[in-house]
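These notes concern the structure reproduced below.
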Amino acid sequence: MEVRRQIDVAGIVQGVGFRPYVYRLALERRLAGNVANSPAGVTIEVEGPAEAVDEFVLNLPLSAPPLSCITHIQVREVPCSGDHEFRILATRRGEQIHTLISPDVAICPDCLRELLDPHDRRYLYPFINCTNCGPRFTIVRDIPYDRPYTSMAPFRMCATCQAEYDDPLNRRFHAQPNACWQCGPQVELWDRKGQKVPVTDPIAEAAEGLEAGLVVAVKGLGGFHLAADAINPAAVARLRQRKRRVEKPFAVMVPTVDAAADFCELSDAAVEALRIVQRPIVLLPKKPSSRIAEQVAPRNRYLGVFLPYTPLHHLLFEQGGFRALVMTSGNLSEEPIAIDNQEAAVRLKGLADCFLVHDRAILRRCDDSVVRLVDEKPRQLRRSRGFVPVPVFLKDDVPEILAVGGELKNTVCLTQHKHAFLSQHIGDLENLESYRFFEEAIDHLQRILEIKPHIIAYDLHPGYFSTKWALAQKEVELVGVQHHHAHIASCMAENHLDGKVIGFALDGTGYGTDCHIWGGEVLVADYRDFHRAAHFDYVPMPGGDQAIREPWRMAVSYLAHHFQRDFLHWKIPFVQSLDLSNTEILLHMIERSVNSPLTSSCGRLFDAVSALVGIRGEVNYEAQAAIELEMEIGEEESHEAYSIDLLRRDETWIIDTKPTFEAMIADLQNNVPVSSISQRFHNGLVETFVKLAQLIRANTVLDRVCLSGGTFHNVYLLTRLQRRLKGSGFHVFTQAELPAGDGGLSLGQALIAAHRVRAS
Ligand code: ZN
Ligand code: ZN
Ligand code: FE
């Protein structure tokens, strides 16, 4: 029996080779009909024997092109029309196209083969791409996704490229960035002053510079990298000093998985994480024998490793004799990544010895994404290039909302229907460049998604730039969201949860509803509201933000909190090393509540312990003291744990760390190794959190626990707590698709706003 069916496919299905794929699928089954781009995606009509049509529909999502992402398929019966062939219909002019833009992904195996094939017309061409790979998000100015609206607009395709572009059976059919040596972008080498150097092979020249230990600024997909030979300690040290980045680890690009295995322990999951088309930086355990310069990731047991993703990267490794390149974002510490050639020449002046640039403009900044494997599953630490703007899929429809995120590691989020679109990593909104990036990102996302929300969700912290920006918007409905509530809602949304949960929101800083600085919070929450079921006892942060940069202040604060001035006479190295006059000033500030805001922050507790045991009195980057405290834990399994008191105050449990500090001081006096102290401290937290979850379950009958907040980037804490909670009969939910830290905050803000607005 002959049938005809219409299939509407929504999602990322335009500009990714979807129509040619449908065409081939239909030809293989000798089906008639047509395929065309539609406002929502692609519309297909197929006609033929019922069995073959059914089989076509079944197979459609199974082997869809790598860059496509189907969000919805709708099939309906239509009358047969007696077609005998299958055709790709041109997009009707003037038709409003509303579809999703795909992210930037790594060069595909076909293009890589052609790149290195001396007989191919694109042999060694650094901008080779096809519908299965190449730049997307970062070259898009506006929608529809068509060449004139991308940074490929100035390049006119030659006849050969045009023929590929027009041929439905060609891999480059409607590949908007299609180009070749004749018609496309070209690479140039610039000297340290930004003057063009006349050389025949700029890439070979740059590779030679890298081999000689120079720092080379390399224009990538979402911005410039600063590159240096990772095996050469002098080159790495030079880069560190120029970038004014004291100890924060650098990421390293390696040519192949084999090269990665020289430097890191590789599990199957790690290999897979390295190889995915998004090509994130993957944090992997360093091999002790690693030849990577110590300065790449000092005092860190992990190394951020990634594989080449642009043809240009591959050519650099082809030309140069290096096994690993530091590839760090082209900026001074904490500024946004540079994208424009001239901008790079100015901003990276003094940082780079030369510039490898090209004339395909980057229109959107997009930093590298970072993932980490926990129990062999990748978790996002920074969700950016390769993943943006693929939406996070939600359980239920939500109104159109803009959520502007927090202050550090900022991302913004736009919602529509069942989709939440998170922006690329915008970073720390504390300098002018970042403000601009923040505004650009909002504007661009709204434009390409055609969403213009009238509801804006923001963090309650009055000092955050994102908050001030939100409050300055006109004719919008504003919803203020508590920071830790947003963390828990983000975790709920990612896991498609509804109703009430027990939420552990542990991080460094978040503004509380009592105007204190929260950060060690146990909430009973749903999307609308929360009850603060438990929190760490408040301690002063002498000097405010300075206490974040100088963990020794938190150690003094904790000691004074628990033991008043008694600790000054103790014979432990931390106390003996204190500068007496500085300590006296600090104690005065604490005792008189001068510039000493109160905090229940879990991050500050980690800082205090890290300083107390002698790991770190001052930090050079966010969370450094906590990270190094975690790194101290040795391999051997121990269940010894410091105890913590839980005090009931009204409807809330106060987490009192006095017994932990008492035991820790005793251990320090007995010269117990720091590795054991760190482990006992971590274990004590785990046991306390399990006990709290049990107490709350007894009261509320809730047995679902959400874990979110930057502290859960601590793998030891996360895996232990998860295991112990599961063992106690809880259902545990964590974040993987989004960062547990503030990078995932905007999603939670959006969901809370959606429910508050709906309810009012
Ligand atoms: Zn390709
Ligand atoms: Zn061409
Ligand atoms: Fe946070």
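The values are calculated or read from the model by the stated rules, or taken from the named source; none is laboratory data. Small disclaimer: the values here were computed from a predicted structure and weren't measured. Cβ: placed from backbone, ideal geometry, glycine included. Neighbour counts: every protein chain shown. Just the protein is used for accessible areas: all its heavy atoms, side chains included, with ligands, DNA and RNA removed. Shrake-Rupley method; radii C 1.70, N 1.55, O 1.52, S 1.80 Å.
Rolling a 1.4 angstrom probe over the protein heavy atoms, how many square angstrom per residue are accessible across the stretch 302-371?
Dividing the accessible area of the stretch 302-371 by its residue count gives 26 Å².
How high is the relative contact order of the chain, given as a whole-number percent (alpha carbon pairs under 8 Å, six or more residues apart)?
Over the chain, the number comes to 11 percent.
Treating only the Cβ of Lys, Arg, Asp and Glu as charged (+1, +1, -1, -1), what charge dipole size does the stretch 1-66 show about its Cα centre? Round to the nearest 20 debye.
220 debye
Let a ≥ b ≥ c be the square roots of the eigenvalues of the Cα gyration tensor of the stretch 536-669; is it rounded (a/c under 1.5), or, if not, prolate (a/b larger than b/c) or oblate?
On the way: a/c = 1.34, a/b = 1.10, b/c = 1.22.
Verdict is rounded for the stretch 536-669.
Could you let me know the centre-to-centre spacing of the stretch 319-359 and the stretch 380-413, using Cα atoms, in angstrom?
That distance is 27 Å.
Ratio of alpha-carbon Rg to the 2.2 N^0.38 Å globular estimate for the stretch 1-159, to two decimals, please.
Here the Cα radius of gyration is 1.15 times the empirical estimate.
Send over a whole-number figure in Å² for the accessible area per residue of the stretch 674-760, probe 1.4 Å.
On the way: 2670 Å² over 87 residues.
Result: 31 Å² per residue.
Enter the angle in degrees (range 0 to 90, nearest 10) between the Cα long axis of helix 745-759 and the first principal axis of the Cα atoms of the chain, meaning the one along which they spread out most.
With both axes taken from Cα atoms, the answer is about 90 degrees.
Return the long-range amide H neighbours of CYS264 (sequence gap of 5 or more, or a different chain), with a cut-off of under 5 Å between placed amide H atoms.
Placed amide hydrogens put LYS287 under 5 Å from CYS264.
Kindly rank 68-74, 247-253 from highest to lowest mean number of other beta carbons found within 10 Å of each residue.
247-253, 68-74
Sorted by accessible area with a 1.4 angstrom probe, largest first, how do GLU2, GLU630 fall?
Working: GLU2 110, GLU630 25 Å².
Ranked from most to least accessible, the order is GLU2, GLU630.
Please compute the per residue accessible area over the stretch 2-88 with all protein chains in place, 1.4 Å probe, rounded to a whole number of Å².
With the other protein chains kept in place, the stretch 2-88 gives 45 Å² per residue.
Looking only at Cα atoms, what is the convex hull volume of the stretch 2-88 per residue, in Å³?
Hull volume over Cα atoms, normalised by residue count, gives 79 Å³.
Dipole size in debye (nearest 20) for the stretch 513-623 around its Cα centre, Lys and Arg Cβ +1, Asp and Glu Cβ -1? Please report the intermediate quantities before stating the final value.
On the way: 9 positive and 14 negative charges, 41 e Å.
In debye, rounded to 20, the stretch 513-623 gives about 200.
Given only helices, namely DSSP H runs of n ≥ 4 each adding -39500 (n - 2.57), what is the per-residue ellipticity at 222 nm of the chain, to the nearest 500 deg cm²/dmol?
-9500 deg cm²/dmol, from helical runs alone.
Just to check I understand the Karplus step: with θ = phi - 60° and J = 6.51 cos²θ - 1.76 cosθ + 1.60, what whole-Hz values come out for the stretch 42-53, glycine and proline as x?
Result, rounded to whole Hz: 9, 10, 10, 10, 10, 9, x, x, 3, 4, 5, 5.
Per residue of the stretch 412-422, in order, report the coupling 6.51 cos²θ - 1.76 cosθ + 1.60 (Karplus, θ = phi - 60°) as ³J(HN,Hα) in whole Hz, putting x for Gly and Pro.
These are the phi-based 3J(HN,Hα) values: 10, 9, 10, 10, 7, 6, 9, 10, 10, 9, 8 Hz.
Where does each of 190-197, 445-452 land if you order them by average Cβ count within 10 Å, highest first? Could the numbers behind the result be given before it?
Values: 190-197: 13.8, 445-452: 16.2.
Ranking the peptides 190-197, 445-452 by packing returns 445-452, 190-197.
Any chance you could give the angle, 0 to 90 degrees and rounded to 10, that helix 483-494 forms with the longest Cα principal axis of the chain?
It works out to around 40 degrees.
With the dipole of the chain worked out from charges on the C-beta (+1 for Lys and Arg, -1 for Asp and Glu) around the Cα centre, which of GLY330, VAL556, PRO280 lies farthest toward the positive end?
With unit charges placed on the Cβ atoms, the residue in question is GLY330.
Report the equivalent ellipsoid semi-axes for the chain in whole Å, largest first, defined as the square roots of five times the eigenvalues of the gyration tensor built from alpha carbon atoms. Each step should come with its number before you reach the end.
Values: eigenvalues 445, 214, 103 Å².
The equivalent ellipsoid of the chain has semi-axes of 47, 33, 23 Å.
Under a 5 Å amide H to amide H cut-off, with H placed in plane at 1.01 Å, what residues pair with PHE306 once short-range neighbours are removed?
Here the answer is VAL252, MET253, VAL254, VAL282, since their amide H atoms fall under 5 Å of that of PHE306.
With unit charges on the beta carbon (Lys/Arg positive, Asp/Glu negative), name the residue among ALA227, VAL246, ILE203 whose Cα is farthest towards the positive pole of the charge dipole of the stretch 203-246.
Ranked along the dipole, the leading option is VAL246.
Per the chain: cysteines with no other Cys C-beta under 4.7 angstrom?
Cysteines of the chain left without a disulfide-compatible partner: CYS69, CYS80, CYS111, CYS130, CYS161, CYS180, CYS264, CYS354, CYS366, CYS413, CYS515, CYS602.
How many percent of the accessible area of the chain is carbon or sulfur, using a 1.4 Å probe?
That fraction is 50 percent.
Under the rule a/c < 1.5 gives rounded, and otherwise a/b versus b/c splits prolate from oblate, where does the stretch 385-533 land using the Cα gyration tensor?
It comes out oblate by the Cα gyration axes.
For PHE733, list long-range residues whose amide hydrogen, built 1.01 Å from N in the peptide plane, is under 5 Å from its own amide hydrogen.
Answer set, sorted by chain and number: VAL705, CYS706, LEU707.
How big is the charge dipole of the stretch 603-661 about its Cα centre, in debye rounded to the nearest 20, if each Lys and Arg gets +1 on its Cβ and each Asp and Glu gets -1 on its Cβ?
Computed charge dipole of the stretch 603-661: roughly 380 debye.
When we measure straight from the Cα of LYS468, which lysines land under 23 angstrom away, once same-chain ones fewer than 8 places off are left out?
LYS468 reaches LYS409, LYS452.
Residue-wise, which Karplus ³J(HN,Hα) couplings in Hz belong to the stretch 533-538, taking 6.51 cos²θ - 1.76 cosθ + 1.60, θ = phi - 60°, and x for glycine or proline?
Each residue's phi maps through the Karplus curve to give 6, 7, 7, 5, 4, 5 Hz.
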